Amino acid sequence: MKLEKLPSGSYRVRKQIDKRSISVIFDHKPTQAEIISALSEQTLKIPVKGSFQQCADAYMASRDNVVSPGTLRGYESIIENLPEDFKRIKISEMTQLDIQNLVNEYSVGRSPKTVANAHGLIVPIIKMFRPDMVINTVLPQKDSAKKEQELYIPTEEEIKKIINASIGTRYHIPFQLGIMGLRRSEVCALTLDDIDRKNNLLTINKAYVLGPKNKWYIKETKTNESTRKIYIPDALIDEIMESGVIYDGYPGKLLTALNRYQDQLGIQRFRLHDMRHFFASFLHDQKVSDAVIQATGGWKSDYTMKRIYRHEMKAQQEQQRVFDSILSDKKLS
C-alpha cells in the first residue's frame, strides 16, 4: 500500500487486494482509521466468490501498513491454525452453523481466550464481505475460578548473580537494561543514537518485533506511555560506548542466555520480563511513587504494578505466618 500526494493536493492510496488494484482518493491527508475504512468499503465491491482463506488474505492486505507487524503476524497465525475445510468454504455460502462448528472444534485443547481471539478475527473478515450476516456464536465460558497467572519477582540476590555472571559478555548490557524496566523488544531496538551522554538519558521509542512471514521489524512503541526517557549511569554508558553496540542479537537469544546462567548458578528460571517486576518492586520498596514507577517503566496503567505489590504483600504475609508458627512452636497447617 502506498500513500501519495497528488499535484492537486489530494492524497491517493493504492493497494493490491485479492489480485485487484484498488485506488482511493482523499481531499486531505487521511488517518490510519480513514484508510482502513475506505479500503474496507472498496473491498466490499469485489464480487464475493472466494473462499474464507481468500477473503482473509484480502482483509489482511487491506490493513497492511496501518496496523503493527506484530498484529498482522497474529492474524496470520490464527488463520494458519484454522481447519483447512473451514478455510475452503465459500464466503457467500458460509452459515452460522459453519462458524459454530469451527468454534466447537477449535476449542479443544485451547483456552477460552484463545478461542475468543480467533472468533474476534473471523467475524470482521466475514462482515467485510457479508455485512448483513447476523453472527451469534456461542463461545466457551471463561473459568471464573481460574487463578490469575502467578507473578515471579526475582530477588535482589538473584539479580546480582546474573549481572555479575554476565560481565564481559554481550548480555551484560541488556541484562542491566532489563532491571531498569525495559522490555526485551525495547532493548533489542536500541541504538547508540538513543543515548544522550551529556544528560545521562536513554530514549525508548521503538521496539523490535516479529511480524508477518516471520520477519523482524523495528516499529514505534505501541503507546505514548511506552515512549519515554530514563536515566542511565555513567558506568553503563561507558560500557555501551566501549562495546559500540547495545545488543546486536535476536530477542530469543537473551532468554536462552538468561536460562543458561540461571542453571549454572542454581537459581530459579525467570524471564527478562520478570526483571521488570523486580524493577517495579524495588522502586516501590524505596518509596518511589507509583506515578514515577509507571512513567519510568512505560506502563499504560498501574494495574500490573499493583499486581506486583499484592503479590509481594501476600508473600510477606505467608512468611509472617510461617515464622510466627515456628517461634510460637505451633504445628504448621
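What shape does the range 93-173 have by the C-alpha gyration tensor, where a ≥ b ≥ c are the square roots of the eigenvalues, rounded means a/c under 1.5, and otherwise prolate means a/b greater than b/c and oblate the rest? If you can, show how the numbers build up before the last one.
On the way: a/c = 4.64, a/b = 2.58, b/c = 1.80.
Prolate.
Among 131-139, 159-167, sorting by the average number of other beta carbon atoms lying within 10 angstrom of each residue, highest first, gives 159-167, 131-139. Normalised by the residues of the range 156-319, what does the relative contact order come to in percent, with Cα pairs under 8 Å and at least six apart? Worked out over the range 156-319, it gives 26 percent. Counting only Cβ charges, +1 for Lys and Arg and -1 for Asp and Glu, the dipole size of the range 2-129 around its Cα centre is about 400 debye. Paramagnetic label reach from Thr256 (point 7 Å along Cα→Cβ; backbone nitrogen cut-off under 15 Å): within the range 153-173, residues 170-171.
Tell me the net charge near Leu255. Cut-off is 11 Å between Cβ atoms, Leu255 excluded, with +1 for each Lys or Arg and -1 for each Asp or Glu. Could the numbers behind the result be given before it?
Numbers: positive: Arg184, Lys253, Arg260, Arg269, Arg271; negative: Asp274.
Computed value for this residue: +4.
With 0.36 nm allotted per residue and the present C-alpha distance subtracted, the Asp196-Thr71 stretch has 41.8 nm of extension available. Compute the distance from the alpha-carbon center of the range 71-125 to that of the range 231-291, in whole Å. Measuring centre to centre over Cα atoms gives 38 Å. Compared with the alpha-carbon gap, the fully stretched path from Lys142 to Lys5 is longer by 44.5 nm at 0.36 nm per residue. Taking amide hydrogens as placed 1.01 Å from N in the peptide plane, the amide H of Leu201 sits under 5 Å from those of Asp196, Ile232, each at least 5 positions away in sequence or on another chain. Whole-Hz Karplus values for the range 112-124 come out as x, 5, 4, 5, 4, 5, 5, 4, x, 8, 4, 4, x Hz, taken residue by residue from phi with 6.51 cos²θ - 1.76 cosθ + 1.60 and θ = phi - 60°; glycine and proline positions read x.
Between Gln264 and Ser243, the FRET efficiency from the beta-carbon distance, with R0 = 22 Å, is close to 0.45. Only the Cβ atoms of Lys and Arg (+1) and of Asp and Glu (-1) were treated as charged; on that basis the dipole of the range 156-319 about its Cα centre amounts to roughly 700 debye.
Taking amide H as placed 1.01 Å from N in the peptide plane, the amide H of Lys206 sits under 5 Å from that of Thr221, each at least 5 places away or on another chain. Length available on full extension from Ser37 to Tyr231: 0.36 nm per residue minus the Cα-Cα distance, which gives 65.7 nm. For the range 132-140, 3J(HN,Hα) computed residue by residue from phi via the Karplus equation (6.51, -1.76, 1.60; θ = phi - 60°) reads 8, 6, 8, 10, 10, 7, 8, 9, x Hz, glycine and proline entered as x.
So which of Lys15/Lys142; Lys90/Lys215; Lys198/Lys253; Lys161/Lys253; Lys113/Lys160 end up more than 28 Å apart, counting from Cα to Cα?
On the way: Lys15/Lys142 39 Å; Lys90/Lys215 30 Å; Lys198/Lys253 31 Å; Lys161/Lys253 19 Å; Lys113/Lys160 37 Å.
Result: Lys15/Lys142; Lys90/Lys215; Lys198/Lys253; Lys113/Lys160 exceed 28 Å.
Is the range 156-319 best put as rounded, prolate or oblate by its Cα gyration tensor, with a ≥ b ≥ c the root eigenvalues, rounded for a/c under 1.5, and otherwise prolate when a/b is larger than b/c, oblate when not? Because its axes are fairly even, with a/c under 1.5, the range 156-319 counts as rounded.
No value in this document is a laboratory result; all are computed from the given coordinates. Computed from a prediction, not measured in an experiment: that's the story for all the values here. Reconstructed Cβ throughout: ideal geometry from the backbone, glycine too, with neighbour counts over all protein chains shown.
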